[in-house]
Each structure stands twice: as structure tokens, then as C-alpha cells.
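Student: Let me begin by handing over the structure; questions about it come next.
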Amino acid sequence: MTQKCIDCGKSIPPSDYKIRCYDCWKAYQNGTPYKMMNGLKKNVPTVFIPPSISTIVEPTLDEKMAIFDKNELIKCYYSDGEYLSGYSCYSKAMEVLGLAPYVSGWGQHISDRVIKDLGIEFTLEQAIEYIRPKFEAETSQKLARKQVEQTKITNALAEAQSTGKQIIIKQWTEECDGSEQECDVDNLTEYINPDGTHSITRSHSY
């Protein structure tokens, strides 16, 4: 039994939480409408209006952790495995915080540094405060990158309007969309148009 991706309609394995295929999920994370790009032939553009970067708001640490009980007691235990040994725990909140990433076939792995700083038993609230400085620093860096990107787009739009021509704002490569059998990688280019819309062209590499 399979289900279909909500964007492109591709069949995906049944899941309680996955609603997109990998390509559409990746495009959704990047703010690019993959379903509009899917199946594009060489140099045939698709036109869309992207969400403004300034409207994409990063959730605060407290907003991310609001669904969890801050009084939760995190108990860590040591596992001696064949390929990986170290401390682990059973806490989704710790995984969300990035302090206990999931390792396939092993479980949640906690670094020795975290154990040294927090011990083998601590509350979720202590873990939140422990990671807060790093989280806020990374959030500030993301905001700075967004501001740089927004400035680039603003300047490109001004140039497009003054010249009446499309201006390239992004170029990247992706796995071929499957419309050409002998192609493995597609080259994609995103332009900004004089009217403020964006266009994406996909060309195959051979």
C-alpha cells in the first residue's frame, strides 16, 4: 500500500508523518515550488511569486519546546555497541534540541561533552538553557544570511527593472527529473523578472 506526495503525486511509502516525496520535501524546505518545476524540459521556464524572505520567521527556542514538559527528567545511560559506544536517552525533546540526534540502528546519541556539562540526569529545562546561547547565535546567523539574500534580490530586481531583462539570482544542480533517460544531473537557474516574479529554467546535462 502506498500514498501519494501532496505536491507532485509521486507514490511514496505509507507513513504517519511524511506527506511529500524527498524532492518535494527538499524544495519545500528551500521555499521552491518543486511541483511547478517537475518535468520541465530544457530551457522551458516556470514563473512564480516566491514568499518574501522577510516573512519567513524562525521559531524561538521557547516556541519550539512549548509542546514538551520542561520538568521532564532526562536519564542517560551508557551503551557499548559494536560500531558505536556512548551515552543515549529516550527523549524526543532532546532530539529536537539537537543534543541527542538519532543514529540509525543505535538510538539517540549524546556527546561526551553534554554528559560532562549536564551529567547523566537533568531536567529538560536545564537542557534548554544549556543549548540556548548556541541556538540564539545560530538564529542570528540565519537572520544575517536572510538579510544578505534579501538585499541581493532587491538589487537584482532594481537592475531587472532598469534594464528590462531577467537577472540571475541563483544557480544549482539537482538529480535529473527523469524526463531524459541519458541524463543524471540537471542544471537549474532562477531569475528575477522586471515585474518582480521569479522564473526557473531546468536544462539537462549529458
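Student: Condition test on ILE169, is it in contact (Cβ under 8 Å) with a residue 12 or more places away in the chain and in the same structural domain as ASN71 (by TED's automatic domain parsing)? Break it down into steps so the answer makes sense when it comes.
Tutor: Details: in contact (Cβ under 8 Å) with a residue 12 or more places away in the chain: yes; in the same structural domain as ASN71 (by TED's automatic domain parsing): no.
Criteria not met by ILE169.
Student: Working only within the range 119-156, note down all residues that are without any contact (Cβ under 8 Å) to a residue 40 or more places away in the chain, within 19 Å of ASP69 (Cα to Cα) and not aromatic (Phe, Trp, Tyr).
Tutor: GLN126, GLU129
Conditions (1) more than 28 Å from ARG145 (Cα to Cα); (2) modelled with pLDDT under 80, marked per residue:
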{"site": "TYR17", "(1), (2)": "yes, yes"}
{"site": "GLY31", "(1), (2)": "no, yes"}
{"site": "MET36", "(1), (2)": "no, yes"}
{"site": "LYS41", "(1), (2)": "yes, yes"}
{"site": "SER52", "(1), (2)": "no, yes"}
{"site": "CYS89", "(1), (2)": "yes, no"}
{"site": "GLY98", "(1), (2)": "no, no"}
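The values are calculated or read from the model by the stated rules, or taken from the named source; none is laboratory data. Quantities reported herein were computed from a predicted structural model and do not represent experimental measurements. Here the Cβ is made from the backbone with ideal geometry for all residues, glycine too, and neighbour counts use every protein chain on show.
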